[in-house]
Amino acid sequence: MLRLVLLAWLPLIAACAPRIPPTLQGTFPEVTVAQAQTQNITGERVRWGGEIASTTPQNGQTCFEVVAKPLDRKTRPIATDDSSGRFIACAPGFYDPTIYAPGREVTQVGTLDGTSTAKVGDYDYTFPKVSVETVYLWPKRVPPELAYPYGYYGYPGWGWGAGWGWGWGGPWGGGPFFVGRTIRPGRPR
């Protein structure tokens, strides 16, 4: 009986495990951006991520300037002001700068290819260069004021209604709620 109970729980536990996108899976050395800046490392495979500072399409490739961020268990950049520096990552092909825009989160897998010096403002900056195999653009994060705190989206007619209280507000409008007030799309708050 105990075995049956354990077997029944196994799929549930597996479903809760963090899922790394298949293109980002693998084992990588613990090389940081700061180490690559000072030691001019070449040939190491790395998995780095962060926020895009700029995207520049060139002949046959697109180069990203990325502000490095620590990665979580799913390899997504953590939303923090902590950074170990910036790096340049160049991938073959065209990546649209409107989609791969400043502020978007990416995780990239590639091989270190030395360093290059360029300006950040008026500052001369040494960028580690990465020849990228994989560029993973993460979906935009949902702003906290639009997130559902209980994971329940409700049904029409659920709640107190008239724009105040819990949930959708019934036939009088609705949408996600924030601190007890229903936020109605298209109406001022």
By residue number, the members of the range 97-134 that are exposed (fewer than 15 other Cβ atoms within 10 Å of the Cβ), under 17 Å from the mean Cα position of the chain (by Cα) and of a type in the set (A, V, I, L, M) are Ile99, Ala101
Is it the case that Glu51 is modelled with pLDDT of 75 or more, out of contact with any Ser or Thr (no Cβ under 6 Å at 6 or more places or on another chain) and surrounded by 12 or more Cβ atoms within 10 Å (Cβ to Cβ)? yes
Residue list for the range 59-71, filter: touching a residue at least 12 places away in the same chain (Cβ under 8 Å) and either out of contact with any strand residue (DSSP E or B) (no Cβ under 6 Å at 6 or more places or on another chain) or outside the structural domain of Ala34 (by TED's automatic domain parsing) (or both): Gly60, Pro70
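Only one residue in Thr38, Thr75 is polar (S, T, N, Q), surrounded by 19 or more Cβ atoms within 10 Å (Cβ to Cβ) and not in a strand (DSSP E or B). Which one? So that I can check it myself, show each step before the final result.
On the way: Thr38 fails: surrounded by 19 or more Cβ atoms within 10 Å (Cβ to Cβ).
Within the list Thr38, Thr75, the selection yields Thr75.
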Could you list all residues from the range 18-31 that are surrounded by fewer than 17 Cβ atoms within 10 Å (Cβ to Cβ) and under 24 Å from Tyr100 (Cβ atoms)? Arg19, Pro21, Pro22, Thr23, Gln25, Gly26, Phe28
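The values are calculated or read from the model by the stated rules, or taken from the named source; none is laboratory data. Note that the coordinates shown come from a computational prediction; the quantities given were computed from them, not determined experimentally. Don't worry about glycine lacking a Cβ; one is built from the backbone with ideal geometry, like all the others, and counts go over all protein chains shown.
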